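As C-alpha cells, the structure follows; a few thoughts come after it.
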Amino acid sequence: MSRTRERLDRAGLVLPPPLAVPAEIDLPFPWVSVRGDRVFISGHGPQNPDGSLAGPFGKVGAEVSEEEAVDLAGKTALAILASLEREIGDLDRIVAWCRVFGMVNSAPGFNRQPAVINGFSSVIAIAFDAETARHTRSAVGMAGLPFDIAVEIEGEVLLAP
Amino acid sequence: MSRTRERLDRAGLVLPPPLAVPAEIDLPFPWVSVRGDRVFISGHGPQNPDGSLAGPFGKVGAEVSEEEAVDLAGKTALAILASLEREIGDLDRIVAWCRVFGMVNSAPGFNRQPAVINGFSSVIAIAFDAETARHTRSAVGMAGLPFDIAVEIEGEVLLAP
Amino acid sequence: MSRTRERLDRAGLVLPPPLAVPAEIDLPFPWVSVRGDRVFISGHGPQNPDGSLAGPFGKVGAEVSEEEAVDLAGKTALAILASLEREIGDLDRIVAWCRVFGMVNSAPGFNRQPAVINGFSSVIAIAFDAETARHTRSAVGMAGLPFDIAVEIEGEVLLAP
C-alpha cells in the first residue's frame, strides 16, 4: 500500500473526487501534466468532499477569516494530491516537491499570506518525509481569483527518473 | 515548411513583429531564453500588427470587457509564438508546452480569469497537436500590469533534447 | 576566491545575514532548495544589513515611491544572492539564471512594475557575466505582500550538472 496514502489516512485526511467544474465555464487544460520526470500542477482551489469548490468565498481579511483561509489552503493541498494521484497512480512516486506558488485572494490591508499558505505546507509535511516534502514557496496577495475562491495554489514536483 | 506555421496560416493567425518597447522604459531581459531543452518565456502582453502593445488598456471588468480580454489573450499567445520563433527558428522544435501562468488585470469583483485565458489556450490548441499543446495553467487576477495591459502571460516549453 | 563575490565587493554590494523572521509567524520552508542541478528560490523580500525586512513598507505608488522601490528590488537581489550562497557555498557554481518572477505591491494605477524590478536585474548583471545573468522575467502588480513589503521576487537558477 502507498505509504503516502497511509500517512494521509492515519491523519484522517481524505482526498476529494475530481473537481465538479462550474457549468458556465470551459477549462481546457489538465490539472496535472507529466513531462519526463517533471510533474506540473495547474492552479487548484479548495474542494468539498463532493468535488465542488469549497467556500467561504471572497477575500481573506474581509468575507473570509484568516483561520478559514488556513483551512482552505489545507483543502487545496488535498485537491492537489488527489489530482496527482489520479494522474501518476501512486503518490509514493513523488521524490521531490519543488516550487509552490500560493495565491491568496486578499482584501486591502491583508498581509498574512504566509500564515494562510502554511495550511498547505502542513498537509505536505504530513503526507511526505521531510526530504521529499521540502518546497520553496511564495505566498502572495491577488486582486481576484476564479469563482471568488479564497486560495489558489500551483507548483511542480519530481518523479523518480 | 513548419507544420506549426502552416496551421497558424491556415487559421489566418499572424505573428507580430518584435515588441516596440515604450520609449520611457528599459527592459533589460530577453523575451525568450533557451537553457538546454528548456525554453523560458518572459511575461508577454498582447501586440498589434505593428509591434506596439495592444489595447484596450485597463482592468478587465471595468475599462476592458471580458470579450475584449479573451481576444487580447489570443493576441498574447501570438506574441509569445512570435518571440519563440525568433529565438528557436522553427516552432516545430517545441515538443511540449509545460506551465502557463495567465495574469489578468482585474477590476474588483471580476472572477472569470479562466474564461479570459481560454483565448490563449485556444491559439495553442490550433498551432500544435494535442499532446504537444497540453499545458498546466493558472489564470488569476492582478492588481496592476505594466503599461496597463489587460493580460500578461508567462510560461515554459520544452525542445527535443 | 569567488569571482561573483569579487564583483559584488568591487561594486560595494553587501550580502545580508539570514532573514530575521518576524516573531508572530512560522515560515516552514527553505529560502533556497537544490534539486539536482536546479535551484529553486522562494519568494524573498528586501533586507536591512541586520537581516530584518527593509522598508519603506506599503504599496508602490502610494506609501512607497518608484525610486525607493527600485532600491528595494536591488536589496531583494542581494537577499536572494545571500540565501543562494548559504545553500550552495559559492555563487560561482551558478551557470544560468532562468526564470525571475518580480512582484510589486501596487497601489491602484501604478503600472511601472518593470522599472521597479530593473533594480533586481541590475544587481544580477553586476554579479554575473552576461550569459549567466540572462533571465526571463515578469514584473507585475500584487494586491498585497507579506508584512507589507513593497517587493517580492522568486525564481530559479541552474548549477553545473
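Quick note: the coordinates plus some simple rules give every number you see, no bench work behind them. Quick caveat: nothing in here was measured; it's all calculated off a predicted structure. Ideal geometry is used to build each Cβ from the backbone, glycine not excepted, and the neighbour counts take in all protein chains shown.
Tally time: how many residues in the stretch B:99-145 are in contact (Cβ under 8 Å) with a residue 60 or more places away in the chain and in a helix (DSSP H, G or I)?
First pass over the stretch B:99-145, keeping only residues in contact (Cβ under 8 Å) with a residue 60 or more places away in the chain: B:103, B:123, B:126-128, B:145.
Subsequent filtering for residues that are in a helix (DSSP H, G or I) retains B:123, B:126-127.
Matching residues across the stretch B:99-145 total 3.
Collect the residues in the stretch B:122-161 that are touching a Lys or Arg at 6+ places or on another chain (Cβ under 7 Å) and of a type in the set (Gly, Ala, Ser), keeping them in residue-number order.
Within the stretch B:122-161, B:Ala127, B:Gly155, B:Ala160 qualify.
Take A:Val34 and decide whether it is in a strand (DSSP E or B) and among the hydrophobic types (A, V, I, L, M, F, W, C).
Working: in a strand (DSSP E or B): yes; among the hydrophobic types (A, V, I, L, M, F, W, C): yes.
Answer is yes for this residue.
Which condition number in (1) away from chain A (no Cβ under 14 Å); (2) under 19 Å from A:Leu27 (Cα atoms); (3) of a type outside the set (Ser, Thr, Tyr); (4) in contact with a strand residue (DSSP E or B) (Cβ under 6 Å, 6 or more places away or on another chain) is the one that B:Ile80 fails?
Unmet for B:Ile80, out of (1) away from chain A (no Cβ under 14 Å); (2) under 19 Å from A:Leu27 (Cα atoms); (3) of a type outside the set (Ser, Thr, Tyr); (4) in contact with a strand residue (DSSP E or B) (Cβ under 6 Å, 6 or more places away or on another chain): (2).
Please verify whether the stretch A:89-98 includes one or more residues that are in a helix (DSSP H, G or I), among the aliphatic types (A, V, I, L, M) and in contact with a His (Cβ under 6 Å, 6 or more places away or on another chain). Step through it out loud before you land on a result.
The first filter runs over the stretch A:89-98 and keeps only residues in a helix (DSSP H, G or I), leaving A:91-93.
Among the residues that remain, those that are also among the aliphatic types (A, V, I, L, M) are: A:91.
Checking which are in contact with a His (Cβ under 6 Å, 6 or more places away or on another chain) leaves us with none.
No, that holds for no residue.
Output the number of residues of the stretch B:35-52 satisfying the condition of being over 12 Å from the mean Cα position of the chain (by Cα) and within 14 Å of another protein chain (Cβ to nearest Cβ).
As a first pass, look at the stretch B:35-52 and keep what is over 12 Å from the mean Cα position of the chain (by Cα): B:35-40, B:48-52.
Then drop every residue that is not within 14 Å of another protein chain (Cβ to nearest Cβ), which leaves B:35-40.
Final tally of qualifying residues: 6.
Filter the stretch B:89-126 down to residues that are more than 10 Å from every other protein chain (Cβ to nearest Cβ), under 16 Å from the mean Cα position of the chain (by Cα) and over 21 Å from B:Pro146 (Cβ atoms) and give me whichever is surrounded by the fewest Cβ atoms within 10 Å (Cβ to Cβ).
B:Ile126
Tell me the residue from A:Pro16, A:Pro28 that is assigned to a loop (DSSP other than H, G, I, E, B), free of Cβ contacts under 8 Å to residues at least 60 places away in the same chain and not hydrophobic (A, V, I, L, M, F, W, C), please.
Details: A:Pro16 fails: free of Cβ contacts under 8 Å to residues at least 60 places away in the same chain.
Only one candidate qualifies: A:Pro28.
I'm trying to understand the selection: among the residues of the stretch A:42-77, which are in contact with a Ser or Thr (Cβ under 7 Å, 6 or more places away or on another chain), part of a loop (DSSP other than H, G, I, E, B) and either among the aliphatic types (A, V, I, L, M) or on the phi > 0 side of the Ramachandran plot (or both)?
Restricting attention to the stretch A:42-77, the residues satisfying the condition of being in contact with a Ser or Thr (Cβ under 7 Å, 6 or more places away or on another chain) are A:42-46, A:59-61, A:74.
From what's left, part of a loop (DSSP other than H, G, I, E, B): A:45-46, A:59, A:61.
Selection gives A:Gly61 alone.
Only one of these conditions is not met by C:Ala11: (1) without any contact (Cβ under 8 Å) to a residue 60 or more places away in the chain; (2) exposed (fewer than 14 other Cβ atoms within 10 Å of the Cβ). Which number is it?
So C:Ala11 meets the others, but not (1).
Among A:Ala69, A:Ala82, A:Ala77, A:Ala73, which is the only one that is buried (at least 20 other Cβ atoms within 10 Å of the Cβ), in contact (Cβ under 8 Å) with a residue 60 or more places away in the chain and touching a Leu at 6+ places or on another chain (Cβ under 7 Å)? Let's see the steps before the verdict.
Details: A:Ala69 fails: touching a Leu at 6+ places or on another chain (Cβ under 7 Å); A:Ala77 fails: touching a Leu at 6+ places or on another chain (Cβ under 7 Å); A:Ala73 fails: touching a Leu at 6+ places or on another chain (Cβ under 7 Å).
Of the residues listed, the single one that is buried (at least 20 other Cβ atoms within 10 Å of the Cβ), in contact (Cβ under 8 Å) with a residue 60 or more places away in the chain and touching a Leu at 6+ places or on another chain (Cβ under 7 Å) is A:Ala82.
Does A:Gly141 satisfy being at the interface with another protein chain (Cβ under 8 Å from one of its Cβ atoms) and either surrounded by fewer than 18 Cβ atoms within 10 Å (Cβ to Cβ) or more than 26 Å from C:Gly144 (Cα to Cα) (or both)?
Numbers: at the interface with another protein chain (Cβ under 8 Å from one of its Cβ atoms): yes; either surrounded by fewer than 18 Cβ atoms within 10 Å (Cβ to Cβ) or more than 26 Å from C:Gly144 (Cα to Cα) (or both): no.
Spelling it out, it is not the case that A:Gly141 is at the interface with another protein chain (Cβ under 8 Å from one of its Cβ atoms) and either surrounded by fewer than 18 Cβ atoms within 10 Å (Cβ to Cβ) or more than 26 Å from C:Gly144 (Cα to Cα) (or both).
Do the conditions hold for A:Val21, that is, is it under 17 Å from the mean Cα position of the chain (by Cα) and either surrounded by fewer than 13 Cβ atoms within 10 Å (Cβ to Cβ) or in a loop (DSSP other than H, G, I, E, B) (or both)?
Yes: the conditions hold for A:Val21.
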